[in-house]
1. Taking R0 as 35 Å, what's the FRET efficiency between B:D32 and A:F138 from their Cβ-Cβ distance, rounded to 0.05?
2. Could you pull out the pairs from A:K43/B:K182; B:K10/B:K182; A:K92/A:K112; A:K31/A:K63; A:K67/A:K145 whose alpha carbons sit more than 26 Å apart here?
3. Do any trypsin sites (Lys or Arg not before Pro) in the stretch A:99-142 lie in a DSSP loop with no more than 15 other beta carbon atoms within 10 Å, and if so, which?
4. Please compute, for peptide A:43-54, the average count of beta-carbon atoms on other protein chains lying within 10 Å of each residue's beta-carbon.
5. May I ask for the net charge around A:D118, where only other residues with Cβ less than 11 Å from the Cβ of A:D118 are counted and Lys, Arg are +1 while Asp, Glu are -1?
Amino acid sequence: MKILISFILLFNILYAHPHTFIEVYPTISVKNNTTQKINFVWKLDEMTSSMLIMEFDTNMDGKFDTKELSYIEENYFRALNDYNFYTDITIKSKIQKFPNPKNFNAFIENNKLCYSFDIDPKLNVQNTLFDFGDTDFFIAMILKKEFITITGSEALVSDLDNDFYFGYRLEFK
Amino acid sequence: MIEWYNQILKQLVVLQYQLNSYISSTIRSLNDENMYQTSFLILGIAFLYGLIHAAGPGHGKALVALYFTSNKSNYKKAFKMGYMISVTHAISALVFTFGIFYILKTMFRRNFTEMSMIAMQISAVMIICVGLYLMYNGYQSKKVKEKTLQKQTKSEYIVALSAGIVPCPGVMTIVLFCIVLKQYTLGVLAAITMSIGMGLTISVAGILSILLNKKTSSLLDSKGYILEIIGGVLILVLGLFLFTSVGHK
């Protein structure tokens with residue numbers, strides 16, 4: 001049995017490695033231990049960005065108009081729902097379905113494609129964790145302490161011990 | 001063990017993230033004045049990137065490791081296999097990237113994904129065939145007790161082709177990035193140097209597997225065919241795993 005499990009694990013860990021890197025910039029405001037506003041900005045690596053911008057920016061003006069934005073949201077961003085938007089929100093040790101993202105926007109900043117979106121803010125910070133990572137390990141989510149903007153609380157960043165892929169955890173002090 | 005593995009994964013991810021960022025900013029900084037110096041720097045980074053990129057998880061190494069663990073071979077063959085895979089990888093990435101870019105300039109990403117899926121399925125079927133072939137070969141070895149060198153060489157080519165046919169998205173991304181910036185020659189050279197780096201890492205995986213094979217073969221003595229059959233079964237399972245996971249996506 002141990003050998004069988006080892007081989008199943010082996011196939012999982014030998015399967016993939018990251019090809020796209022996404023920097024995660026969370027902006028969170030907290031009041032009375034409850035989140036009031038949660039916004040995420042994802043900044044994709046320059047190489048992946050160049051590939052996607054080529055497709056998205058159809059009139060090649062260096063920004064996205066309404067038509068281009070709805071194309072990105074419908075065809076690319078919403079599809080990430082299948083991957084829980086690479087973010088597991090854990091409340092009281094139970095992983096929640098990622099809330100429906102609102103106010104989606106996409107823009108180009110320093111040759112990088114950026115996605116910005118909000119999520120439903122009412123979360124108790126005392127028992128909430130945000131884990132960022134891709135279980136398929138094709139995407140690497142990068143979170144650093146300096147990427148976080150937080151008011152009303154303090155955030156901690158730690159490595160996420162997922163065994164088969166690498167990720168980061170954001171928790172509140 | 002898992003904690004130790006997770007730390008390695010972290011270092012591999014962080015290094016690749018840094019190299020990815022460094023390589024893109026360096027390619028962008030190319031101009032007429034620093035052309036040669038910067039080009040050599042980019043190729044050096046591409047080699048390093050390939051070396052580290054291949055050190056991360058990937059089905060190619062699993063296949064090579066299983067093949068060499070279950071088949072008697074030598075270190076020279078491990079290098080040959082590593083480089084056959086990386087050459088196939090590079091050619092496949094260049095053909096896919098240039099092909100899709102010039103045939104279908106729009107919808108690149110979507111087509112790239114679809115093409116990768118098809119290539120992955122072809123690869124999975126080939127891996128299943130390799131597994132079945134090795135199992136059959138192991139069974140024959142039990143009966144005949146002797147294999148021809150020709151048969152083994154043929155299976156090595158099939159293994160290399162199976163693992164290499166899936167174009168590496170990492171190589172494709174660099175090539176495409178160079179195409180977008182109109183640095184075509186640099187794109188081709190970067191794909192080659194990245195593949196050389198990847199080949200070196202895959203060869204090391206093969207060498208380690210040969211070492212393991214030498215240890216286990218002496219334990220099994222004349223029952224070496226058992227290892228061959230087990231290897232064949234595991235490669236077959238790897239192929240089925242790849243095929244079903246691609247189908248699932």
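1. On the way: r = 37 Å, r/R0 = 1.05.
According to the calculation, E is roughly 0.40.
2. On the way: A:K43/B:K182 24 Å; B:K10/B:K182 33 Å; A:K92/A:K112 36 Å; A:K31/A:K63 35 Å; A:K67/A:K145 35 Å.
Table pairs above 26 Å Cα-Cα are B:K10/B:K182; A:K92/A:K112; A:K31/A:K63; A:K67/A:K145.
3. A:K122
4. Details: counts 0, 0, 8, 9, 14, 7, 2, 10, 10, 2, 1, 8.
Rounded to a whole number, the mean comes out at 6.
5. Numbers: positive: A:K37, A:K102; negative: A:D120.
Neighbour charge sum, excluding A:D118 itself: +1.
Coordinate-derived values only; no laboratory data. Small disclaimer: the values here were computed from a predicted structure and weren't measured. For neighbour counting, all protein chains shown are included, and Cβ atoms are generated from backbone atoms with ideal geometry for every residue, glycine included.
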